[in-house]
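Below: the structure, in structure tokens.
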Amino acid sequence: MASDNLVVLNALDTARTQWYHVTAVIIAGMGFFTDAYDLFCITTISKLLGRLYYYDPTTHVPGKLPHVANNWVIGVALVGTLSGQLVFGWLGDKLGRKKVYGLTLILMVLCAICSGLSFGYSAKGVIGTLCFFRFWLGFGIGGDYPLSATIMSEYANKATRGAFIAAVFAMQGVGIIFAGLVSMIISKLFLMKYEGKPFDVDEILSTEPEADYVWRIVLMLGALPALLTYYWRMKMPETGRYTAIIEGNAKQAAINMGKVLDIEIQAEGDKLAQFKAANEYSLLSNEFFQRHGLHLIGTMSTWFLLDIAFYSQNLTQKDIFPVMGLTSKANTISALREMFETSRAMFVIALFGTFPGYWFTVFFIEKIGRFRIQLMGFFMMSVFMAIIGIKYDYLKTKEHKWTFATLYGLTFFFANFGPNSTTFVLPAELFPTRVRSTCHALSAASGKAGAMISAFGIQQYTQDGNVHKIKTAMILMAVTNMVGFCCTFLVTETKGRSLEEISGEDGGKNETQMKTSKPVSGHQDDGWE
């Protein structure tokens, strides 16, 4: 009910799409580019770390990270991300989005650099310090999830809000591509000058000493995009919604938004006290649970289930590629050649499978809607993973490697033209301004809990290349996606409406609210509409 909303918020909802909207997408999106690069570049270097620090000459096989070390190297950043999401999400609601937005980038820059400077030459020293810095890197990355989503949702107009939030998240796809591309370029440059002999020719010289610089350079380059974005983040004003609704300063909200958007806003104080009074319930209140409890359960459960499958796909690529025939067997190539081939395969899968899905979501989210895209994505992921799991013995043969690659790529496509994008968008729209950042953080943290199950659990099934275990992992992920399909029915469609209408902050009755003990309009509330 636009008539019950504040003038400054109506102005934001109806503002034409203009250059500052695009600028905000880029500023917020570069954070996600950095996030994805930092989280997924570890996939390209983990095998190199094993060959550098865990080679045992008595075994006559290439060095490999032990299961525990491998799980921690890959999973510790996810633990940090979960922690950062909860802390920064809460701070975003308590202190304001702008005040803590820059801190996430500072953490990412410092810890990306320190990750590449991990101390010592012993396996324990290097892996221990690498895990320490990657935890804090993940902590900074975690803060970007709720803050970027919330800021973009509160800046955007209601006609294109979903597309803008999805575009911010789509930069994750670009980051994954660059994680593969940068790793591929750096390893190729070193190969041109320092390529060692294949492992089956010379076990010692197959691991190039110069490779110790390669993984460090790849990790440290993750600091660059975050560093370039910091200045522009600090120039962004606080969102109009936070300033008006939480700080209670409609005049300042009008001034801030008038500076960056080409709209005329008149300050309005008459309805502000009444507007604030109707929306002062806390996250842990009975009022919140009655209005938004099912939605929070829905956004948390779907993101949790999605990330079990999505991160399993991404983090276990290095183990699946040799089976698909996209990389050579480790004992026939050198350490840097193995990294190059892994990076190349990751780049190709990301470019043709992962990347397009993100942008299909951007282009179709306001036409198809969040709800239908999420249902479709979960269902199609489940179908393709089930096919891979059931027909794995057939697909893993050399003659069918491109069929395998196509099916594998389609699971990425429908993850991103599906729940990987929509689980990010919906929590930024469903909840009231007072707790929007916290609710998004809780949803995202649930996702990272699922990712941790992938890193510390699913990887156990794929790391040794055991056919039966990989089939089991694929079937498990197919079942997980079908459960996610069912949990999607706990959320609802949000396209085309203002944030205040969706959350009930404008005092109107709307279909996204559950039955409340206090009627929010003048007519009877029968629960779901």
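The values are calculated or read from the model by the stated rules, or taken from the named source; none is laboratory data. Because the structure is a prediction, the values reported are computed rather than measured. In this analysis, Cβ positions are derived from the backbone assuming ideal geometry, glycine residues included, and neighbour counts consider all displayed protein chains. Please note that ligands, DNA and RNA were not included when accessible areas were found on the heavy atoms of the full protein model with its side chains. Shrake-Rupley method; radii C 1.70, N 1.55, O 1.52, S 1.80 Å.
Other residues within the sphere of radius under 11 Å centred on the Cβ of residue 142, judged by their own Cβ, net out at -1 (K and R +1, D and E -1). For the pair the range 53-98 and the range 128-178, the centres of their Cα atoms are 17 angstrom apart.
A simple packing score, the average count of other Cβ atoms within 10 Å per residue, orders the peptides 436-443, 26-33 as 436-443, 26-33, with the highest score first.
The slack between residue 205 and residue 103, meaning 0.36 nm per residue of separation minus the straight C-alpha distance, is 32.4 nm. Ligands, DNA and RNA left out, the accessible area of the range 133-217 computed with a 1.4 Å probe is 72% carbon and sulfur. The residues of the chain present an accessible area of 37 Å² per residue when probed at 1.4 Å with all protein chains retained. Placing +1 on the Cβ of every Lys and Arg and -1 on the Cβ of every Asp and Glu, with no other charges, gives the range 342-426 a dipole of roughly 80 debye about its Cα centre. Net charge dipole, the chain: roughly 540 debye, given to the nearest 20, about the Cα centre with Cβ charges of +1 for Lys and Arg and -1 for Asp and Glu.
The string of couplings for the range 344-354 from the Karplus curve (6.51, -1.76, 1.60, θ = phi - 60°) is 5, 5, 4, 4, 5, 4, 5, 5, 9, x, 6 Hz, one whole number per residue in order, with x for Gly and Pro.
When the chain is described by a simple charge dipole with +1 on each Lys and Arg Cβ and -1 on each Asp and Glu Cβ, the residue from 296, 184, 472 located farthest towards its positive end is 184. Across the range 136-151, rounded Karplus estimates of 3J(HN,Hα) from the backbone phi angles (6.51 cos²θ - 1.76 cosθ + 1.60, θ = phi - 60°) give 6, 4, x, 4, x, 4, x, x, 5, 4, x, 5, 5, 5, 5, 4 Hz, Gly and Pro being marked x. Across the range 60-139, the volume of the C-alpha convex hull divided among the residues equals 82 Å³ per residue. Computed about its Cα centre, the charge dipole of the range 57-136 is approximately 180 debye, with only Lys, Arg, Asp and Glu carrying charge at their Cβ. Ordering 104-112, 12-20 by mean Cβ neighbour count within 10 Å, with the highest value first, yields 104-112, 12-20.
Beyond 28 Å between alpha-carbons counts as too far, so tell me which of 47/193; 94/367; 188/469; 47/396 fall in that bin.
Check vs 28 Å cut-off fails for 94/367; 188/469.
All other residues whose Cβ lies under 14 angstrom from that of residue 96 are scored, Lys and Arg at +1 and Asp and Glu at -1, for a net of +4. Note that the range 450-458 has calculated 3J(HN,Hα) couplings of x, 5, 5, 4, 5, 5, 9, x, 4 Hz, one per residue in order, obtained from phi through the Karplus relation 6.51 cos²θ - 1.76 cosθ + 1.60 (θ = phi - 60°); glycine and proline are x. Summing +1 for each Lys or Arg and -1 for each Asp or Glu, what net charge is found among the other residues whose Cβ lies under 13 Å from the Cβ of residue 167? Neighbour charge sum, excluding residue 167 itself: 0. Pull out a ≥ b ≥ c, the square roots of the eigenvalues of the alpha-carbon gyration tensor of the range 349-476, then state rounded if a/c is under 1.5, prolate if not and a/b is larger than b/c, and oblate in the remaining case. It is oblate, given that a/c is not under 1.5 and a/b is not larger than b/c.
Structural descriptor for the chain: relative contact order 24 percent, calculated from alpha carbon pairs under 8 angstrom and at least 6 residues apart.
Summed over qualifying helices (DSSP H, 4 residues or more, each -39500 (n - 2.57)) and divided by its residue number, the chain shows a 222 nm mean residue ellipticity of -23000 deg cm²/dmol. Which entry in [x] 44, 24, 18; [y] 39, 27, 23; [z] 60, 39, 18 is this structure's computed semi-axes √(5λ) of the Cα gyration tensor in Å? So the calculated entry is the one marked [x].
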